[in-house]
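In what follows, a structure is listed as structure tokens, so that the remarks can point back to it.
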Amino acid sequence: MACGPDADVMLVASGIVKINVVTIFPEFFDSLLGISIVGRAIEDGALRVEVIPLREYGLGKHKQLDDTPFGGGPGMVMMVEPLSKALEPLAETHRVLLTPAGRPLDQATLDRFAEIDELTLVCGRYEGVDQRVADNYIEEEVSLGDFVLAGGEVAAAAIVEGVARLLPGVVGNPDSTLTESFRDGLLEEPVYTRPAQFDGDAVPEVLLSGDHARIEAWRREQRLARTRERRPDLMSDGEKSES
Ligand code: SAM
């Protein structure tokens, strides 16, 4: 298989992964953990997920989690004490803070996470998290992309699902995680299924030819063309000049 810059990472994880998710909204994860790939990974024992309700570590009678920012400014900031209490017992795990200021999530990061025995994902809310949390209790900061969400839960869900599908036996055909977008540094080619004709729109003839060499050549051509058009930043110089 042609390999991109991440050729040295394992493409399918080898063991069981546990993921802890620290969140103010534990109920957010109810459906994710019960359905599809993630549900199957948990049922098969390849993945364990523990959702840790941060509210339990809140301060005082009202279980307070946030306060106004020092120096002024809008909104509220998540306080260091509740998070320190939640994260100290998880010091042996790889603790990841979800934040727009983190390194953008990509397939290579998911591959790496799928090889870590125990991962802890920390979901922020409000205006963000007191910097002393990241300084003292976090190994890595990860962003879902260059946009701002209301909380880290959607980013944590993306990581849970992205890791689950890399675990052994979870995706029915393991080849499907090896032949998709980003695996060879390119976007996936267009895919089609029945019917061969729909409203006068026909599937490319080559895919019906049964000629595997031609099909492979067509697929590579399509991956290159699509990536050149949409994501030239993913391509090596050699790929950019390949027709
Ligand atoms: N004031 C922060 C800033 O400008 O970077 C944004 C805070 S955001 C409203 C609240 C929380 O949502 C963050 O602490 C983070 O946990 C989460 N969040 C928002 N956008 C995110 C993204 N792109 N990736 C990961 N987490 C994100």
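Below, the figures for the structure above:
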read-out	value
Close pairs from the range 148-168: first over 16 Å from residue 109 (Cβ atoms) and in the same structural domain as residue 97 (by TED's automatic domain parsing), partner near the ligand (Cβ under 9 Å from one of its atoms) and assigned to a helix (DSSP H, G or I), Cβ under 8 Å, at least 6 apart	149/155
Residue, nearest to residue 21 (Cα to Cα), within the range 103-125, restricted to residues that are within 14 Å of the ligand (Cβ to nearest atom) and part of a loop (DSSP other than H, G, I, E, B)	124
Selected residue [surrounded by 15 or more Cβ atoms within 10 Å (Cβ to Cβ), within 16 Å of the ligand (Cβ to nearest atom) and more than 21 Å from residue 157 (Cβ to Cβ)] from 82, 100	82
Residues that are at pLDDT 95 or above, farther than 13 Å from residue 113 by Cβ and not hydrophobic (A, V, I, L, M, F, W, C), drawn from the range 5-35	23, 26, 27, 30, 31, 34
Subset tally (residues that are assigned to a helix (DSSP H, G or I) and over 17 Å from the mean Cα position of the chain (by Cα)) for the range 17-30	3
Meets criteria (within 30 Å of residue 43 (Cβ to Cβ) and not assigned by TED's automatic domain parsing to the domain that holds residue 40) for residue 203	no
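The values are calculated or read from the model by the stated rules, or taken from the named source; none is laboratory data. Just so you know, these numbers come straight off a predicted model, no measurement behind them. Here Cβ is always computed from backbone atoms with ideal geometry, including for glycine, and neighbour counts include all displayed protein chains.
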